[in-house]
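Colleague: Just passing along the structure, written as structure tokens.
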Amino acid sequence: MLSAEAKRKLAAVVGPQGYLDQPEDLLLYEYDGGVDKARPEMVVFPRSTEDVVAIVRISKEYGFPIVGRGAGTGLSGGAIPRMGGVIIGFSRMNRILEIDLANERAVVQPGVVNLDLTVAVQGDQYFFAPDPSSQKACTLGGNVAENAGGPHTLAYGVTTNHVLGLEFVTPDGEVFTTGGKEADLPGYDLTGLLTGSEGTMVLVTKVVVRLMRQPEMVKTLLAIYNSTDDCANTVAEITARAITPVAVEMLDGVMLRMVEEATHAGFPLDAAAVLLIELEGLSEAVLEQVEQIREVCLACQAREVRVAKNAEERDLLWKGRKNAFGAVGRVSPTYYVQDGVVPRTQIAPTLRFIGQTGAKYGLTISNIFHAGDGNMHPIILFDPRQPGDLEKAQRAGEEILDYCISVGGSITGEHGVGMEKTELMPHLFTEETLAMMRRFKELFDPEGRLNPGKMLPTGRGCLEIRQPALGPSSIVY
Amino acid sequence: MLPPQTVSPDSPEEFAAALRAASDQRRTIALFGRGTKHRMAGAVPAAEVNLSTARLTRVLQYEPRDLTLSVEAGIRFAEVDQLLGEHRQMLPLDPPFAGEATVGGVLASNTCGPRRRLYGTARDLTIGMKFATLEGKLIQSGGMVVKNVAGLDMAKLLIGSFGTLGAIVVANFKVLPRPQVERHFLLSFDLAADARAARDRVLRSVLQPQSLDLLNPAAAARMGKSGFLLSIQAGGNRAVVDRYQRELAALGPLSEVDPNWTARLREFTPAFLEEHPEGAVVRLCSTLETAPALLESPAPAVIRAGSGVAYLYFAEASAAAAVLSQPKAILEFSPTSRSFTAELWPSPGADFEIMQRVKRMLDPHHLLNRGRLFGRT
């Protein structure tokens, strides 16, 4: 429990308009985009690194957990206070501190919204490459914590490939900077270690990112299939023919219909699956690849291949893709999205397994995912008001992730382990490896105050206790 | 080149056991692959145990249709290059010493070359790793899929750690299809400012060359050329590469060079070191904006002008002092003689304190590759 004294001290740091502590306000911070819930005792909104340091020092003095949070769009429970305590909301640290096009860099505070950075530089023909579907809302601090991806990671890599430096606050309240605008600095790559550490080791207060030059030409294609297998096999065939799209997204029939009803993007309602393929680069390369892609899709039994004629058509197709999760809300009260990864050649059998798993549990599972890099997003539809439905959805999700592991894949490609998949980590990593990750966590956070109960097994199952046992403040509905 | 009584275990498990045995007896350990970079990042003084990955040479998995590769750390980079080439694929790191260097050594030193502009470094292309610790444990980071955020990305720490934290024993990569056509162009200028301006125009254009290097006249002379050079490698289909030729020709006097040019540029450092046993190489991490100023250096300068990393070559190591005093400079390759005592990494940042904590956690008795990491560990 957070003492009244600690609360007073926190309030003094951020001022009367800088915190929330009423139950009706705290409710909004008990969840993210995933299915888990845990309510904070207080939410504070620092305006500066100094504020963050002061908050962290109070946490140290009184021994309560702290959890960093950007926009709360995460899908693995990364930004909810599993063991109670205080949420540090970064929404007021939302300034782009510097845009340095001559050096292809920007320096930002963690609360800057992902898309706002691209908007700030697109007039000069630059962009920030990581583009999670939530990019209109999600923050760069959250992107760094989760090492976020997006459709275009196929060509440009995930967040870690675009982060060159960090300023961060340790759980002891020390401030460090690591990396910088310069590439390939000597010494251990702390930036690389901390990016994707899911807010369990430090709180990031400044980020140096890479900006990229916009391509000359972009072409977006929609390939329509009567068979999911044919659609999936096209992905492997594109790779085999050495064609290099910047994004290859797949939507199955269930998803198509939900998306089409919500966005009217022009997706065919009767298809079994479609591929949304984007090509970027010099016009000479893109125009040739459009024809190569058309040829591959038709060779793999696509019934039709459409090329977006202009920017509006292209934006409409992407709107359908990026707003897909919202579209699900029209059909199902809620859903549970998974994030397993498989080698690209295993997409077709993995989709078959997902279909069988849905049938086994009597659940509808739709698929919309980054096919180009094998990053599956099965969306399991369920009704939390039906007793047992959430548990069934979670079991189905776990079986799908175990299948991904069995074909050489991983349990998360971009959403993070969060609190959702902690107990699956031992399926993927050995005891020794998990122990080593824990030692790194403890090196930075020996008292376990920073985002406890995330990323590493908690020992709730049959495993040995790995983190302090869950406290009473954790609520899982 | 290799120290006497070098032990080369046959498997990652045996490698981990050998590390543990040495550590249990508190014996100092020199860790290396084939020893190509013994002058790099500070020499390791004679150690009590010499451990090499040279016999960890298996290809564990290569699935061209998945564009992924898993190899043991002691395999030669050249062998990997050849294997991938048979499938028209590539791991475009361009490390120096490419003929003999091992994959593990390339990662531990985070060496790369001209194509760094387009494809990044080992940091960007490594998707998984197994490393052995002094406790004899094999630790896994990442896996065999191209996108994976499960757990801490510990591989990032090992890349560029020069064997001071543990031993990389297995590395997994994402590989890329090789472009249909690759061509190599040179723009040569009388003035550094003109070379820089041409580089700026390429950076601001829609062109995405694989490499973009600036050489000053002293470096150009070593390559048998004259003037300030902007060296560009371009890949793609024929029409794309023809366009590079057209657009680059508009920037200045353009010539085309044979593919061997880039290989020689990649091996610029090894060739210099061989000629100059008492010479030294300074690496300066600078920005795109500030790097071209180094073209004025009287010493040969090769600048990765698309990333801002510059290499300066000194026949006499003592002449390196001035440039080494700049922030973010390191003496990357030292003279052979042990009498050389300059600071190799004069100005590490405040975060070095955290690096030391990491080092102490993994090597509390300071046994691994003493003196490496530029004399700082």
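Colleague: Which of the trypsin sites (Lys or Arg not before Pro) found in region B:10-98 are loop residues per DSSP with 13 or fewer other Cβ atoms within 10 Å of their Cβ?
Modeller: B:ARG26, B:ARG27, B:ARG88
Colleague: Region A:116-168 to region A:396-438: how many Å between their Cα centroids?
Modeller: 24
Colleague: Going by the alpha-carbon gyration tensor, a ≥ b ≥ c the square roots of its eigenvalues, is region B:181-333 rounded (a/c under 1.5) or, if a/c is not under 1.5, prolate (a/b greater than b/c) versus oblate?
Modeller: Taking the square roots of the gyration eigenvalues as a ≥ b ≥ c, region B:181-333 is prolate.
Colleague: Right, another one. For A:VAL337, list long-range residues whose amide hydrogen, built 1.01 Å from N in the peptide plane, is under 5 Å from its own amide hydrogen.
Modeller: Those lying under 5 Å, H to H, from A:VAL337 are A:ILE380.
Colleague: Once the other residues with Cβ under 14 Å from the Cβ of A:GLN125 are scored (Lys, Arg +1; Asp, Glu -1), what is the net sum?
Modeller: Taking every other residue near A:GLN125 into account, the sum is -1.
Colleague: From the square roots a ≥ b ≥ c of the eigenvalues of the alpha-carbon gyration tensor of region A:37-137, which class results: rounded (a/c under 1.5), prolate (a/b over b/c), or oblate?
Modeller: It comes out oblate by the Cα gyration axes.
Colleague: Right, another one. When only C-alpha pairs under 8 Å and at least 6 residues apart count, what is the relative contact order of region A:332-422, in percent?
Modeller: Relative contact order comes out at 40 percent.
Colleague: Still on this structure: Counting partner chain Cβ atoms within 10 Å of every residue's Cβ in A:188-201, what's the average?
Modeller: 6
Colleague: Okay, moving on. What's the angle, to the nearest 10 degrees (0 to 90), between helix A:431-444's Cα axis and the longest principal axis of chain A?
Modeller: 50
Colleague: On each of the three principal axes of the Cα atoms of region A:217-322, give max minus min coordinate, whole Å, ordered largest first.
Modeller: Sorted largest first, the three principal extents are 36, 30, 18 Å.
Colleague: Using a Cα-Cα cut-off of under 28 Å, which lysines could be cross-linked to B:LYS130, ignoring same-chain neighbours fewer than 8 residues away?
Modeller: A:LYS421, A:LYS441, A:LYS454, B:LYS37, B:LYS147, B:LYS156, B:LYS174, B:LYS359
Colleague: Cut-off under 24 Å on the C-alpha distance; same-chain residues fewer than 8 positions from A:LYS9 excluded. Which lysines are left, in chain and number order?
Modeller: Here the lysines satisfying the reach criterion relative to A:LYS9 are A:LYS60.
Colleague: Mind listing the Cα extents of the protein assembly as shown along all three principal axes, in Å, largest one first?
Modeller: Each principal axis gives a Cα extent; for the protein assembly as shown these are 77, 62, 54 Å.
Colleague: Summing Lys, Arg as +1 and Asp, Glu as -1, what charge do residues with Cβ under 11 Å from the Cβ of A:ALA262 carry, A:ALA262 excluded?
Modeller: Net charge around A:ALA262: +1.
Colleague: On to the next question. Would you compute the Debye intensity of chain A from its alpha-carbon atoms alone, equal scatterers and no solvent, and pass along log10 I(q)/I(0) at q = 0.08 Å⁻¹ to two decimals?
Modeller: -0.47
Colleague: Still on this structure: With an 8 Å Cα cut-off and a minimum separation of 6 or more residues, compute the relative contact order for chain B in percent.
Modeller: Relative contact order here is 18 percent.
Colleague: Indicate, rounded to the nearest 5 percent, the antiparallel portion of the DSSP beta bridges found entirely in region A:4-89.
Modeller: Taking every DSSP beta bridge with both residues in region A:4-89, the antiparallel ones total about 30 percent.
Colleague: In whole Å, what is the distance between the alpha-carbon centres of region B:30-74 and region A:1-69?
Modeller: One Cα centre to the other: 47 Å.
Colleague: Could you name the lysines in cross-link range of A:LYS309, using Cα to Cα under 26 Å and dropping any fewer than eight places away on the same chain?
Modeller: A:LYS136, A:LYS219, A:LYS319, A:LYS322
Colleague: Roughly how crowded by other chains is peptide A:155-163, in terms of the mean Cβ count from those chains within 10 Å of each of its Cβ atoms?
Modeller: 3
Colleague: Taking every DSSP beta bridge that has both residues in region B:1-159, what percent is antiparallel when rounded to the nearest 5?
Modeller: Bridges in region B:1-159 that DSSP calls antiparallel: roughly 60 percent.
Colleague: Just the number, please: percent antiparallel of the DSSP beta bridges in chain A, rounded to the nearest 5.
Modeller: In chain A, DSSP labels about 90 percent of beta bridges as antiparallel.
Colleague: How far is helix A:253-263 tilted, in degrees, relative to the longest principal axis of the Cα atoms in chain A, given as a value from 0 to 90 rounded to the nearest 10?
Modeller: Long axis of A:253-263 versus the principal axis of chain A: about 70 degrees.
Colleague: Right, another one. May I ask for the net charge around A:PRO110, where only other residues with Cβ less than 11 Å from the Cβ of A:PRO110 are counted and Lys, Arg are +1 while Asp, Glu are -1?
Modeller: +3
Colleague: Quick check: the angle from helix A:4-14's long axis to the longest principal axis of chain A, C-alpha only, nearest 10 degrees?
Modeller: 60
Colleague: Quick one: Cα centre-to-centre distance for region A:361-381 and region A:302-358, in angstrom?
Modeller: 7
Colleague: Need one word for region B:87-176: rounded, prolate or oblate. Basis is the Cα gyration tensor (sqrt eigenvalues a ≥ b ≥ c); a/c below 1.5 gives rounded, then a/b vs b/c decides.
Modeller: Since a/c reaches 1.5 but b/c is at least a/b, the shape of region B:87-176 is classed as oblate.
A short reminder: the numbers here are calculations on the coordinates, not readings from a lab. From a predicted model like this one, the values you see are computed outputs, not experimental measurements. Here Cβ is always computed from backbone atoms with ideal geometry, including for glycine, and neighbour counts include all displayed protein chains.
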